[in-house]
Amino acid sequence: MRNKQDVALGLMLAVGAVVAAVPGHAQPVDTGRIAAGSPNDWLTYRGAYNGWNYSGLDQINASTVKDLSVAWLHVPGRSTRGLQSVPLVADGVLYYTGSYSRVFALNGATGQVIWSYFPELDDMLVARQTHSPYNRGAALGQGKVFVGTVDGRLIALDMKTGKVAWDTKLQDSQKLTVGFTGAPLYAKGTVVIGSQGGEWPGRGPIYGVDAETGKVKWTFLTVAPTDEEKKSWGNDSWRTGGGGGWMPGTYDPGTNTLYWGTANPAPLYDWSGADWKTSGARPGDNLYTSSVIGLDIDTGKLKFYHQELPHDAWDFDSAVGEFVTIDRDGQKYIVHPNKSGFIFVYDSNLKVKNVYPIVDAINFVKTINPQTGELVGRRDFAAGKQAAPLCPAISGGVSWNSGSYNPKTGMYYKIGNEWCITLDVVKTTPVTEPAAQLNIGANFKLVPPPEGQIYGHLDARDPITGAKKWEVRYPEPPMASVLSTAGNLVFVPDSRGILHAYSADTGGELWNHSDGLGHQGGIMSYAVNGKQYIAVVAGFGGMVSDDYAPTFGEPYKSMPRDDGILVVYALK
Amino acid sequence: MVRFSFAVLLLGARILGHASAQQPATANAKPPVDVPQLFATTCGWCHSDGGRVAGKGPQLMDSQRTDDFIRTRIKIGKEGAMPAFGSALSDTDIDAIVHYIRALKPEQG
């Protein structure tokens, strides 16, 4: 059976590659085409299933980038908490989403609007939500555009017309106050989307939905899906929940495996002290929170997993972070960043092959064993004010912005954040009934690391060994994704609103331009009629960036947090 | 010590709040909100250090806003910045939060 699938997939990949070489010739976006990763298109959240966030185009390169200028702009309107999405492109049409799950289809060469879709949301519910109303992107497949909503729906639109093909209510958002902000993933006739859920008393479901009909095929609960995992939540604490796969994972056609990351358990900060296996708010490992999981995409059944942080007591999700697939010396590796600032390297069965940190401000553990992934010298808190700050901060040593792997340089380009928080852990009554409440379990404030100032950095590293080749520093951590290209370039949209282009080899800055608003979404590249474009969203605001004005002052103090713009660049 | 003071205030707030709202006491009445815990679970994500310093949201300690302004903001929120808690918290709860805010002092040590 597997052999037949492989043969069929091989044919699909070959067809996809040929079709993609003919600009403007629309063919269905399917699994084979997304896996092939045509350079003219950007068919899924991170470009292709390999998770590289990489463009094979090289018209814009280290020599020509000096002539890069704005080709066209698009203003989506009502950009509450900025723009956080990654545009997609298929056959010269650019699709992107804004706050409130507004969806636009634009001519990729001119920006002309082909269609737009503004879903009617439950405004009263949205007003009650904390992590809302931003949207981080769409998925393409089977002639449709798929988008989630903060009121718990997954919607399919016709790619050509924007008309609703189906609209499925997946989540009881009235009860849980959470829905979907992350992009869905399309693969093999299934649309997969994960719920928000690290801070709420839900069980963080991931849904597999039939792309044609909108019917739910399967649901995977990231919190104690069976009685067996409930044993890892002492005192029935699985009821306080958490989990949630709020960012998209990826798919491996070769093994029919869906890879996904899950969020932290609730409350975020436990008061157990060192006896976390038997005492505190949620005694035990708390499966499958702060984990990476491999599911059969057809059934949603768990194939394997690795819990990156057993009994996460620091809010360091595994839901953030790309799954970068790399073949090296005949071995397949999957590279996955954890919010703690550690990068995990796995084989395709999620067996740990290496672990390395990319930030200095880490004190929640002494280290993580690079052979086994075991946490060494973990710091578990008792209730009360902690003498030393917790590093990294709640916003993470890495955040949900994607890094980029460049097969030409062999380097992995990733943003690291150096910051900490003071922490006063509070023993709270278990929150098992959702209201408007989150379930944090502490009071805290953002502070610099004990060794110095808050800052962010772009690292160029070997993705497997973690060896660093070069670094670029920023006074405030960049919160947008990174793009690298075959033109020997790395693009970093920074938080102040400057888009930087660096030499992928050396890190030397070659070009920059202000987009006028802080970046905290995606950047990608595509081509129409032989011309390469770089598209980036600008627009600031949200659960991480809202800290920037009180922490850093200007330009964040005067920067709007309800505005956004899509900026598209090309050579003059 | 600080928490004890809040508890006393909150108890006062409960009595005053229930009296002013003229809500009948029933066996199934929702227990009063524990404001310090509410900050530790929910409010503190944005109002840092229990509301003592600015975070994503403004510093609440020594706020120059009127009680009515604070009550209204808690109830109906502010788009893109502050969730509306009017359906989750009673008027009595909100009064207790206002009392908590007014009693906030810098932490010792």
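Some points to look at:
- Residue in region A:420-428 that is surrounded by fewer than 19 Cβ atoms within 10 Å (Cβ to Cβ), facing chain B (nearest Cβ under 7 Å) and not hydrophobic (A, V, I, L, M, F, W, C) present: no
- The residues listed here are A:Thr190, A:Thr161, A:Thr177, A:Thr168; of these, the one that is surrounded by 24 or more Cβ atoms within 10 Å (Cβ to Cβ), in contact (Cβ under 8 Å) with a residue 24 or more places away in the chain and hydroxyl-bearing (Ser, Thr, Tyr) is A:Thr177.
- Hey, A:Val398 buried (at least 24 other Cβ atoms within 10 Å of the Cβ), within 30 Å of A:Arg203 (Cβ to Cβ) and touching a helix residue (DSSP H, G or I) at 6+ places or on another chain (Cβ under 7 Å) or not: no
- Here the condition is being within 13 Å of chain B (Cβ to nearest Cβ) and either in contact with a strand residue (DSSP E or B) (Cβ under 6 Å, 6 or more places away or on another chain) or touching a residue at least 12 places away in the same chain (Cβ under 8 Å) (or both); of A:Pro407, A:Pro389, it holds for A:Pro389 alone.
- Filtering region A:542-572 to residues that are without any contact (Cβ under 8 Å) to a residue 24 or more places away in the chain, of a type in the set (Gly, Ala, Ser) and either closer than 23 Å to A:Leu73 by Cα or in a loop (DSSP other than H, G, I, E, B) (or both) leaves A:Gly553, A:Ser558.
- Residue match in region B:8-24 (condition: within 14 Å of chain A (Cβ to nearest Cβ), modelled with pLDDT under 95 and closer than 30 Å to A:Val447 by Cβ): no
- Taking strands (runs of 3 or more DSSP E) as the structural unit, those lying wholly within region A:483-532 and holding at least 2 residues that are within 23 Å of A:Gly37 (Cα to Cα) and under 22 Å from the mean Cα position of the chain (by Cα) correspond to A:483-485, A:489-493, A:523-528.
- Pick from region A:94-137, criterion in contact (Cβ under 8 Å) with a residue 12 or more places away in the chain and among the charged types (D, E, K, R), ranking: nearest to B:Ala81 (Cα to Cα): A:Arg128
- Taking the criterion of being among the hydroxyl-bearing types (Ser, Thr, Tyr) and surrounded by fewer than 23 Cβ atoms within 10 Å (Cβ to Cβ), the residues of region A:207-231 that qualify are A:Thr213, A:Thr219, A:Thr226.
- Out of A:Asn417, A:Asn406, sole residue that is under 21 Å from A:Ala263 (Cβ atoms), buried (at least 24 other Cβ atoms within 10 Å of the Cβ), modelled with pLDDT of 95 or more and not small (Gly, Ala, Ser): A:Asn417
- Of the residues A:Met524, A:Met479, the single one that is among the aliphatic types (A, V, I, L, M) and within 14 Å of chain B (Cβ to nearest Cβ) is A:Met479.
- Just so you know, in region A:247-273 the residues that are crowded, with 24+ Cβ neighbours inside 10 Å and of a type in the set (Val, Ile, Thr) include one that is nearest to A:Val335 (Cα to Cα), and it is A:Thr250.
- Cross-chain or 6+ apart pairs with Cβ under 7 Å, region A:444-456 first and away from chain B (no Cβ under 14 Å) and farther than 15 Å from B:Ser48 by Cβ, then in a strand (DSSP E or B) and hydrophobic (A, V, I, L, M, F, W, C): A:Pro449/A:Cys420; A:Gly456/A:Ile415
- Exclusive hit being β-branched (Val, Ile, Thr) and farther than 18 Å from A:Leu57 by Cα, set A:Val544, A:Val568: A:Val544
- Which listed residue, of A:Gly111, A:Gly47, is part of a loop (DSSP other than H, G, I, E, B) and out of contact with any His (no Cβ under 7 Å at 6 or more places or on another chain): A:Gly47
- For region A:73-92, the set of residues classified as more than 14 Å from chain B (Cβ to nearest Cβ) and out of contact with any Ser or Thr (no Cβ under 6 Å at 6 or more places or on another chain) consists of A:Leu73, A:His74, A:Val75, A:Pro76, A:Val86, A:Pro87, A:Leu88, A:Val89, A:Ala90, A:Asp91, A:Gly92, listed by residue number.
- Which numbered condition A:Glu322 misses (of (1) within 17 Å of the chain's Cα centre (by Cα); (2) farther than 27 Å from A:Trp233 by Cβ; (3) in a strand (DSSP E or B)): (3)
- The residues in region A:180-232 that are out of contact with any Lys or Arg (no Cβ under 9 Å at 6 or more places or on another chain) and aromatic (Phe, Trp, Tyr) can be counted, and the count is 1.
The values are calculated or read from the model by the stated rules, or taken from the named source; none is laboratory data. All values derive from a computational prediction rather than experimental measurement. Cβ coordinates were reconstructed from backbone atoms using ideal geometry, including for glycine residues, and neighbour counts include every protein chain displayed.
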